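Read through the structure below, which is laid out as structure tokens, and then see the notes.
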Amino acid sequence: DYKGQKLAEQIFQGIILVSAIIGFIYGYITEQFGWTVYIVMAGFALSCLLTLPPWPMYRRNPLKWLPVQESGADEKKPADRKPKRHAKS
């Protein structure tokens, strides 16, 4: 559903943003860029774990699909159709 997709996107972006800020601050304090990368990668992994599987919290508002229509006498067989003529330009 669309509301679940929006929620998943917000969670994903929020976790990435928070982990980037924390990683930058920690990397700046320790003067190690590697820690920044590790923290951002951990945030990415966490956000993937929370948003990629179809958790029930993302499926609360299912879409209503049209009912299946029975195919039968309403449709013409391909042999019964007349060939279309194309207009000459």
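Express the accessible area of the stretch 2-58 per residue in Å², computed with a 1.4 Å probe while the remaining protein chains stay in the model.
76 Å²
Could you please put V18, V68, V37 in sequence from largest to smallest accessible area, using a 1.4 Å probe?
Largest to smallest exposure gives the sequence V68, V18, V37.
Using a 1.4 angstrom probe and counting only protein chains, how large is the accessible area of R59 in Å², to 10?
Estimated to the nearest 10 Å², R59 gives 150 Å².
Calculate what fraction, in whole %, of the accessible area of the stretch 1-56 sits on carbon and sulfur atoms when a 1.4 Å probe is rolled over the protein chains.
75 percent
Quick one: what are the phi-derived ³J(HN,Hα) couplings along the stretch 48-58, Karplus 6.51/-1.76/1.60 with θ = phi - 60°, whole Hz, x for glycine and proline?
Along the stretch 48-58, the couplings run 5, 5, 7, 10, 6, x, x, 5, x, 5, 8 Hz.
The values are calculated or read from the model by the stated rules, or taken from the named source; none is laboratory data. All of these numbers come straight from a predicted model, not from anything done at the bench. With ligands, DNA and RNA removed, areas are computed over all heavy atoms of the protein, side chains included. Shrake-Rupley method; radii C 1.70, N 1.55, O 1.52, S 1.80 Å.
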